[in-house]
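Report on the following structure.
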């Protein structure tokens, strides 16, 4: 198995969202200063899933997109 395939398999789902949002910022469809709720319009039917994921990581829909893009490592807190 190639290294790139292995890396794709272990990426946290939030990395996918983060990359998609970064692409939207790079394309100037949204700005880093826009609030997270603004991406809801761009994710359509997938939004409820991503909103829950963001809330699980204690993001508010009022937080700026730059806060989402600033995360370097996505780690889940497991409850015993």
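Computed from the coordinates by the stated procedures, all read-outs in this text should not be read as laboratory data. This one's a predicted model, so the numbers in the text were calculated from it and none came from an experiment. Reconstructed Cβ throughout: ideal geometry from the backbone, glycine too, with neighbour counts over all protein chains shown.
General remarks:
- Peptide ranges 41-53, 14-26 listed from the most packed, as the mean C-beta count within 10 angstrom indicates: 14-26, 41-53
- Relative compactness, the range 13-69, computed as alpha-carbon Rg over 2.2 N^0.38 Å: 0.98
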